[in-house]
1. What does the extension gain come out to for B:M222 and B:Q203, with contour length at 0.36 nm per residue minus their alpha carbon separation?
2. Quick one: net charge around A:A70, please, counting Lys, Arg +1 and Asp, Glu -1 for every other residue with C-beta under 11 Å from its C-beta.
3. For the stretch B:161-202, list residues with backbone N below 13 Å from a point placed 7 Å from the Cα of A:C187 toward its Cβ?
4. If you average the sequence gap of Cα pairs under 8 Å that are 6 or more apart and divide by the length of the stretch A:21-70, what percent do you get for the contact order?
5. What value does the protein assembly as shown have for Rg/Rh, both radii from Cα atoms and Rh as Kirkwood defines it?
6. May I ask you to derive the relative contact order of the stretch A:89-163, considering only C-alpha pairs under 8 Å and at least 6 residues apart, and to give it as an integer percent?
7. Rounded to the nearest percent, how much of the accessible area of the protein assembly as shown (1.4 Å probe, protein heavy atoms only) is carbon and sulfur?
8. Spin-label point model (7 Å from Cα, Cβ direction): what's the B:D9 to A:R68 distance in nm?
There are 2 protein chains.
Amino acid sequence: MSLGPGFPDYIIPRAQNVLYEAQVIMGYRTYIELLEPLLAHQEVVASSMKAEVSRCQEAIARAQEGQRVALVSSGDAGIYGMAGLVLEICAAQNLRVAPPPGEGEVDFYLEVVPGIPALAAGAALLGAPLMHDFASISLSDLLTPWETIVQRLELAAQGDFVIVLYNPKSKKRHWQLGAVRDLLLHCKGPQTPVGIVSRAMRQGQEIIISTLEDFLEHPVDMQTVIIVGNSQTFAYGPYMVTPRGYLAKYRLTEESPAAAG
Amino acid sequence: MSLGPGFPDYIIPRAQNVLYEAQVIMGYRTYIELLEPLLAHQEVVASSMKAEVSRCQEAIARAQEGQRVALVSSGDAGIYGMAGLVLEICAAQNLRVAPPPGEGEVDFYLEVVPGIPALAAGAALLGAPLMHDFASISLSDLLTPWETIVQRLELAAQGDFVIVLYNPKSKKRHWQLGAVRDLLLHCKGPQTPVGIVSRAMRQGQEIIISTLEDFLEHPVDMQTVIIVGNSQTFAYGPYMVTPRGYLAKYRLTEESPAAAG
């Protein structure tokens, strides 16, 4: 299940109920600590960030024993979160799982509870950068070859997609963002707006609107989402806006909205 | 502000507060009707689907007069929703707007309240199709030339992105999905899983997992989101799963997860 970006104002009621009704709550230590105010009777199993696979395996084993387990992801469990790994392991173990309420025999019921994804939280804080077609790309090369990531960035830039970058930097990956910038500059102008949001709706929130040319000047870490505009995206005061095309179509103004920024 | 996919279990507390504190609630009639149980003192201005521009203009005019206006979008206002149009109009009118609490003089404060986007709601109901890089593409050619849409579909397919299709069909656009299928079949296999979710978390919800070859057999409308898998995506019982690569990396199983489907 998904916590969304911030707690408790940005978590959906369905997720709150799941946490409340759980017998066991499992997750990465940092997120579990955020839940402290909500915890009462539940057993809590906090683990380190590297322990994703064993955490999911234990959650599945406990669910097979009949326990009500809430496995938490921040943001949305379905976007680079835990939902896929759980289902991968279930499939590899040939378990019979189904969403509740199901018909027929199952090993356990599994509900994926969505949350506000980091890309939507970041977009809301930036204004409206995702109003047109976009591509979401993770820069983590732990599980994906760097060549694949580069190819996707090139194709997304060619298609004039707005580009959302997840996992833009880690302790070991400090050279990538420079490479990404150079690569995107082949297709996108140096003044293309770039939004940088760290710790959206949480303590330490930071919102920066920069440009493709200059965005490397700003601090970025694993809790940052970066949104690179398309050819129409403009900066407007504290906002970053990708027009959908209504104004051009309905000719409400003599000036193009892109010119306003 | 954003209603999310379903009401009231999938709307965030921040959005509920905004609705509660509003003096005026404006939006498309169908969504406003869903809010009935929550309405009390607020003035309600419901309008037709075609009236987006005039609805935003009226919301802005009322905000300039000092009214607390909640302009509602279903799903997430920041993904093909109303947030961008409001900011486009404000920019064209040279208004000074800023997120609350702001410093300096403004014409009014503007907060974009996120919601669970249709793509995240659909993904949760399908299992975990968005666990790897994806592209979101709207098939509506009202504001975007069809050639641009086709080019984006081709590039996304070349990059082996999972592809989310918004606005897959309208009364006037019945021929497009067939063209999209044929085009995607150039890069993706006929057995590629395709998830079809209509009215996620609302009355009349439908969830179908089909294949690229066969998905045209199933009903689709403007309240449908379609998710086309990447080359690794597999169907697993009632779920559609795009692996992130953990199991391949950690070699937890002799069998590839893709073979399980």
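The values are calculated or read from the model by the stated rules, or taken from the named source; none is laboratory data. Quick caveat: nothing in here was measured; it's all calculated off a predicted structure. Virtual Cβ from ideal backbone geometry, glycine too; neighbours counted across all protein chains shown. Areas reflect the complete protein model, heavy atoms only, side chains present, ligands, DNA and RNA absent. Shrake-Rupley method; radii C 1.70, N 1.55, O 1.52, S 1.80 Å.
1. 5.3 nm
2. Summing Lys/Arg as +1 and Asp/Glu as -1 gives -1.
3. Only B:161 fall inside the zone, counting backbone N under 13 Å.
4. With pairs under 8 Å counted, the relative contact order is 52 percent.
5. Answer for the protein assembly as shown: 0.94.
6. Over the stretch A:89-163, the number comes to 20 percent.
7. 49 percent
8. Simple spin-label model gives 1.3 nm for this pair.
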